[in-house]
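A.B. asks: Supplied in structure tokens, the structure appears directly below.
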Amino acid sequence: MKIKKILIYLFAVGAVVLLIKNASSAIRYASDAIALCLEMIVPTLFPFFICSGILIYSGFCELLAKAFQFCMYPLFRISPVGSSAFILGIVSGYPLGAVTAGELYANNYISKTEAERLLAFCNNSGPLFILGSVGIAIYSNIKYGIALYVAHILAALTVGILFRFYGRNKHTAPPTRMTTPERSMGEIFDIALQNSIRNILTVCGAVLFFSVISRLFLNILPVGGVTSALVSGLLEFVTGTVKISRLTIPIMDKLVFTSVVVGFAGLSVHAQVMAVIARFHLSLAPYIIGKAMHGIIAGLYMYIYFRFNPITTAVFESSMSRSFAISSTIETVTAIIVVIACIFCAFGLYLKQNSEYKRDTKF
């Protein structure tokens, strides 16, 4: 019997035992998780799922892919069409980036190695969750959300650059043009709505299950405080993020830990990814390693940021004042400038490595 199956059996049996022995607590924890989904996850994510679905199936993402395709090979050593997976991953959130990477591989737009490279860095948390759920709903400050999101994206880019060396000597698929079938507006909305309902149910179901199991599991461990919150976040990152926000530690430490948890995403999201890409038969090792690196690097970026920009009440106070708005705008503009600089650097590398790309894509 394979070790993987033994681990699955042990986990399932252990979960059943925990649920039976702590039935009343499990019901209470499940009620809390449902309330969390209804009050925070569904309102902030479901409308965005629909909007992103409309963009995907209307063909708008093809325009985005064309705009960013020139930097994919120089930075990440992935065919230009792979840009759509990364863009959707940072715009729509979990698990759309992984789904798109799998679909690109299934349709022979990219090779298996390229798909596994994409999985390492394209499946990310969306801006609506980090800015809305974390920044506003949890911390009551949009500026916290902006800082977390910038660190999150920069960490994803860093992981992608590091993974360009994964499977370097393996075959790279030839460039292929991505096309979207012509659909009426009614068909587009219907597909987007159905997929959004399925996605939000999957997300909420995973949050509910892992939230209950993680809380029952933590009850039998002699841990508390920061350790308990971090372990909870590694299992289910939404619940862990809420727990971290309630710790009695400095706000800068809370945000660093939150960045680590959101970057790693938790076993709840990993289970979703395993479910949606199982049919593509891709290795999950690059994905798991990439998400672990993402969490560590994102936390490191937040720590470096606060070393040079320590939080003070006057600067980070929840307010809609003019000074607060200006501060948030400056930070957003700075992030945009950094991204543009990366693009121009990539373009320079592209011009230099164009001949190498053509050579690698020949059979």
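The values are calculated or read from the model by the stated rules, or taken from the named source; none is laboratory data. Every value quoted in this text rests on a predicted model; they were computed, and no experiment measured them. Cβ: placed from backbone, ideal geometry, glycine included. Neighbour counts: every protein chain shown. Note: accessible area is taken over every heavy atom of the protein model, side chains too, but ligands, DNA and RNA are not part of it. Shrake-Rupley method; radii C 1.70, N 1.55, O 1.52, S 1.80 Å.
A.B. asks: Please identify the pairs in which a residue from the stretch 23-39 that is farther than 13 Å from THR239 by Cβ has its Cβ atom under 8 Å from the Cβ atom of a residue that is surrounded by 12 or more Cβ atoms within 10 Å (Cβ to Cβ) and among the charged types (D, E, K, R), counting only partners at least 6 apart or on another chain.
C.D. replies: SER25/ARG215
A.B. asks: Restricting the search to the stretch 260-282, which residues are farther than 19 Å from ILE161 by Cβ, in contact (Cβ under 8 Å) with a residue 60 or more places away in the chain and open to solvent by less than 50 Å² (accessible area, probe 1.4 Å)?
C.D. replies: Of everything in the stretch 260-282, those that are farther than 19 Å from ILE161 by Cβ, in contact (Cβ under 8 Å) with a residue 60 or more places away in the chain and open to solvent by less than 50 Å² (accessible area, probe 1.4 Å) turn out to be VAL262, ALA265, SER268, VAL269, ALA271, GLN272, VAL273, VAL276, ILE277, PHE280, LEU282.
A.B. asks: Scan the stretch 251-259 and give yes if some residue there is modelled with pLDDT of 75 or more, within 20 Å of PHE121 (Cβ to Cβ) and either open to solvent by less than 40 Å² (accessible area, probe 1.4 Å) or touching a helix residue (DSSP H, G or I) at 6+ places or on another chain (Cβ under 7 Å) (or both), otherwise no.
C.D. replies: Yes, the stretch 251-259 has at least one match.
A.B. asks: Restricting attention to the stretch 24-64, which residues are open to solvent by 50 Å² or more (accessible area, probe 1.4 Å), more than 22 Å from the chain's Cα centre (by Cα) and modelled with pLDDT of 85 or more?
C.D. replies: Hits for the stretch 24-64 are SER24, ILE27, ARG28, SER31, ASP32.
A.B. asks: Identify all residues within the stretch 158-170 that are surrounded by fewer than 20 Cβ atoms within 10 Å (Cβ to Cβ) and at negative phi; write none if there are none.
C.D. replies: Those that are surrounded by fewer than 20 Cβ atoms within 10 Å (Cβ to Cβ) and at negative phi: THR158, ILE161, LEU162, ARG164, PHE165, TYR166, ARG168, ASN169, LYS170.
A.B. asks: When the residues of the stretch 78-115 are narrowed to those that are over 18 Å from ASN199 (Cβ atoms) and not in a helix (DSSP H, G or I), which ends up most open to solvent (accessible area, probe 1.4 Å)?
C.D. replies: In this case the residue turns out to be ASN108.
A.B. asks: What number of residues within the stretch 258-293 are in a helix (DSSP H, G or I) and closer than 24 Å to LEU208 by Cα?
C.D. replies: Residues flagged as in a helix (DSSP H, G or I) and closer than 24 Å to LEU208 by Cα within the stretch 258-293 amount to 24.
A.B. asks: Taking the residues in the stretch 305-322 that are in a helix (DSSP H, G or I) and loosely packed, with under 12 Cβ neighbours inside 10 Å as candidates, determine which candidate is modelled with the lowest pLDDT.
C.D. replies: ARG322
A.B. asks: Is there any pair with a first residue in the stretch 212-240 that is free of Cβ contacts under 8 Å to residues at least 12 places away in the same chain and a second that is of a type outside the set (Asp, Glu) and open to solvent by 40 Å² or more (accessible area, probe 1.4 Å) whose Cβ atoms are under 7 Å apart and which are 6 or more apart or on different chains, and what are they?
C.D. replies: Matching pairs, first to second residue: VAL223/VAL231.
A.B. asks: Just to verify a result, which residue in the stretch 65-77, among those that are free of Cβ contacts under 8 Å to residues at least 60 places away in the same chain and either open to solvent by 60 Å² or more (accessible area, probe 1.4 Å) or within 19 Å of the chain's Cα centre (by Cα) (or both), is farthest from GLU116 (Cα to Cα)?
C.D. replies: Ranking the qualifying residues of the stretch 65-77, first place goes to LYS66.
A.B. asks: Could you list, in sequence order, all residues of the stretch 118-148 that are open to solvent by 40 Å² or more (accessible area, probe 1.4 Å), within 18 Å of GLY263 (Cα to Cα) and touching a residue at least 40 places away in the same chain (Cβ under 8 Å)?
C.D. replies: LEU128
A.B. asks: SER92 - would you say it is in contact (Cβ under 8 Å) with a residue 40 or more places away in the chain and among the hydroxyl-bearing types (Ser, Thr, Tyr)?
C.D. replies: yes
A.B. asks: Further, regarding this structure: If you take the residues of the stretch 186-200 that are at pLDDT 85 or above and open to solvent by 60 Å² or more (accessible area, probe 1.4 Å), which of them is nearest to LEU234 (Cα to Cα)?
C.D. replies: ILE197
A.B. asks: I'd like the full set of residues that are assigned to a helix (DSSP H, G or I) and closer than 18 Å to VAL203 by Cα, limited to the stretch 116-130.
C.D. replies: PRO127, LEU128, PHE129, ILE130
A.B. asks: Hey, does the stretch 4-21 have a residue that's open to solvent by 50 Å² or more (accessible area, probe 1.4 Å), farther than 22 Å from TYR94 by Cβ and modelled with pLDDT under 80?
C.D. replies: yes
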